[in-house]
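*Asks:* Please see the structure below; I have some questions.
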Amino acid sequence: MSQKYWPKNYLPKSLLGRSILILAIPILLIQAIITVIFIDRLYGDVTISKTSDIARELNFILNSEIIENDSYPLKYIHEKAQPLSITVNIDADPKETKFEHTFFDISGRYLIKALKSQVVGLKSIDLKSDETKVKLIVYRDNINFIISLSRRRATAENPHQLLVAGFLASCFFIGIAVLFLKNQVRPIRILAKSAESFGKGEKISFSPSGATEVRQAGHAFISMRARIERHLEQRTAMLSGVSHDLRTPLTRMKLSISLMEKDDQLDDLQGDVKEMEDILNEFLAFSRGDSGEEFSIVDPKKLIKTLIKERKRLNHNVSLNLDNIGSDKIKFKCKALAISRAINNLLSNAAKHSEKTIVSVKSTSDTLSFIVEDSGKGIPKDLRQKAIRPFERLDTSRNQNKGIGAGLGLAIVSDIARSHGGKLILNHSNDLGGLRAEIQIPL
């Protein structure tokens with residue numbers, strides 16, 4: 001069966017919604033079954049019983065003698081019918097309606113069935129023209145008798161009251177159950193929010209609560225968070241320490257080189273030192289990440305315009321496209337320095353491998369994207385995931401560090417995007433033919 005039409009696609013996605021569904025469906029099914037049984041017994045048995053009494057009364061009345069050639073031929077019939085609140089008249093050419101009732105008149109079906117089987121000469125029953133009356137045409141002794149009586153005598157009175165009361169009671173108890181379910185689901189939502197915030201680099205206060213299983217999951221999350229924080233601290237301390245310790249001899253080397261006489265070998269040596277310095281800077285940037293920086297509300301238009309201005313000052317051929325962001329001011333909560341560092345990495349990467357770069361900002365109802373496209377050779381599709389991993393260097397001519405560096409350029413961008421709950425997406429640029437790098441972050 002196609003997944004498109006699979007029923008679970010239309011079921012609630014949240015735990016609370018599914019819990020309510022699991023609770024409500026059995027209650028409503030029981031209510032429906034009881035209703036069907038109640039209707040069958042009440043409308044069936046009670047209506048048939050009351051209609052049988054009416055049939056006996058009608059047969060008793062119509063068996064009376066008719067006084068012919070008299071001004072009051074139905075004298076004896078009326079004497080029997082009036083105490084029973086039944087009206088009887090004669091019509092030589094009555095308008096027959098056969099056996100009619102409204103579609104939802106359940107008791108009417110039982111009433112017609114009982115009268116047809118018990119009243120001799122019954123030609124038609126009209127329950128439709130006046131729902132408060134039962135109108136019959138009975139043909140006996142070459143005479144059409146027009147009979148009318150109250151509908152209340154033939155069917156149960158106000159049976160819907162019990163059904164409505166049962167339905168309202170079910171809704172009331174389902175509502176109470178929903179309140180209890182919300183209290184049970186709330187700790188899970190708090191746990192999910194804490195995990196999401198931790199994934200974005202925020203740490204909010206969290207105390208396990210709720211059912212035993214939820215508390216166990218909460219304590220497991222706290223332990224996991226502590227282990228991850230220790231691991232990150234150790235990684236940061238190690239990389240920072242190594243980078244810092246290497247800077248001292250590197251500084252001495254730079255000082256010694258500056259005192260040497262210039263020649264071709266000296267230029268090569270200076271290039272090697274510069275390469276080592278760039279590698280150390282990448283290590284420091286990767287180890288530092290965006291830790292310590294607080295979230296703030298920034299204007300993405302102003303942020304990207306500032307970065308583009310800095311790149312143009314470096315003679316970078318870069319243009320800006322803001323056609324897909326709209327005119328409304330967007331409230332973008334982020335770590336501004338980290339986002340700037342990520343975009344700058346992409347711009348530096350594009351400047352090294354292409355002659356033209358286009359930067360665009362695109363916003364939807366729930367995401368904001370910074371897109372950098374260049375005219376370089378791009379990255380093959382099968383190597384894009386590898387390019388994002390730390391310390392990976394591509395073997396093709398398109399390497400984010402152009403054969404040098406630690407292979408952390410795109411890894412830093414991806415790490416910053418993930419810390420904001422987003423992701424880095426690499427694709428082919430249809431406009432420029434090179435790489436299309438998109439930082440997509442939820443609003």
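*Asks:* Would you check if there is a residue in segment 226-234 being closer than 30 Å to Ile188 by Cβ and surrounded by 15 or more Cβ atoms within 10 Å (Cβ to Cβ)?
*Replies:* No, segment 226-234 contains no residue that is closer than 30 Å to Ile188 by Cβ and surrounded by 15 or more Cβ atoms within 10 Å (Cβ to Cβ).
*Asks:* Do any residues in segment 353-368 that are outside the structural domain of Lys309 (by TED's automatic domain parsing) have Cβ atoms under 9 Å from those of residues that are of a type in the set (A, V, I, L, M, F, W, C) and at pLDDT below 85, where the two are at least six apart or on different chains, and which pairs are they?
*Replies:* From residues that are outside the structural domain of Lys309 (by TED's automatic domain parsing), there are no pairs.
*Asks:* Continuing with the same structure: Can you name the residue in segment 299-325 that is over 19 Å from Asp374 (Cβ atoms) and of a type in the set (Val, Ile, Thr) and is also surrounded by the fewest Cβ atoms within 10 Å (Cβ to Cβ) among such residues?
*Replies:* Thr306
*Asks:* Please go through (1) touching a residue at least 60 places away in the same chain (Cβ under 8 Å); (2) under 35 Å from the mean Cα position of the chain (by Cα) for Ala350 and return the number of the only condition it doesn't satisfy.
*Replies:* Result: Ala350 passes all but (2).
*Asks:* May I pose another question? Condition check: in contact with a strand residue (DSSP E or B) (Cβ under 6 Å, 6 or more places away or on another chain), hydrophobic (A, V, I, L, M, F, W, C) and in the same structural domain as Val46 (by TED's automatic domain parsing). Does Val138 satisfy that?
*Replies:* Numbers: in contact with a strand residue (DSSP E or B) (Cβ under 6 Å, 6 or more places away or on another chain): yes; hydrophobic (A, V, I, L, M, F, W, C): yes; in the same structural domain as Val46 (by TED's automatic domain parsing): yes.
Yes, satisfied.
*Asks:* Here's something else I'd like to know. Among the residues of segment 12-56, count how many are in a loop (DSSP other than H, G, I, E, B) and out of contact with any helix residue (DSSP H, G or I) (no Cβ under 7 Å at 6 or more places or on another chain).
*Replies:* Final tally of qualifying residues: 2.
*Asks:* Give the residues of segment 362-386 that are hydrophobic (A, V, I, L, M, F, W, C), within 33 Å of the chain's Cα centre (by Cα) and modelled with pLDDT under 90, sorted by residue number. Talk me through it step by step, then tell me what you get.
*Replies:* Step one: of segment 362-386, the residues hydrophobic (A, V, I, L, M, F, W, C) are 368, 370-372, 379, 383.
In the following step, the residues that additionally are within 33 Å of the chain's Cα centre (by Cα) were identified as 368, 370-372.
The answer is Leu368, and nothing else.
*Asks:* Another question about this same structure. Among what's in segment 401-438 and is hydroxyl-bearing (Ser, Thr, Tyr) and at pLDDT 85 or above, pick the residue that is farthest from Leu346 (Cα to Cα).
*Replies:* Our first condition is that a residue be hydroxyl-bearing (Ser, Thr, Tyr); within segment 401-438, this holds for 414, 419, 429.
If we keep only those that are at pLDDT 85 or above as well, we get 414, 429.
On the way: Ser414: 11, Ser429: 14 Å.
Looking at the filtered set, the residue picked out is Ser429.
*Asks:* Which of the residues that make up segment 73-111 are on the phi < 0 side of the Ramachandran plot and exposed (fewer than 13 other Cβ atoms within 10 Å of the Cβ)?
*Replies:* Applying the first criterion (on the phi < 0 side of the Ramachandran plot) to segment 73-111 yields 73-84, 86-97, 99-111.
Selection gives Glu79, Gln82, Pro83, Asp91, Ala92, Asp93, Lys95, Glu96, Thr102, Phe103, Phe104.
The values are calculated or read from the model by the stated rules, or taken from the named source; none is laboratory data. Note that the structure is a prediction, hence the values are computed from the model and not measured. Every residue, glycine as well, gets a Cβ built from its backbone with ideal geometry; the counts of neighbours run over all protein chains shown.
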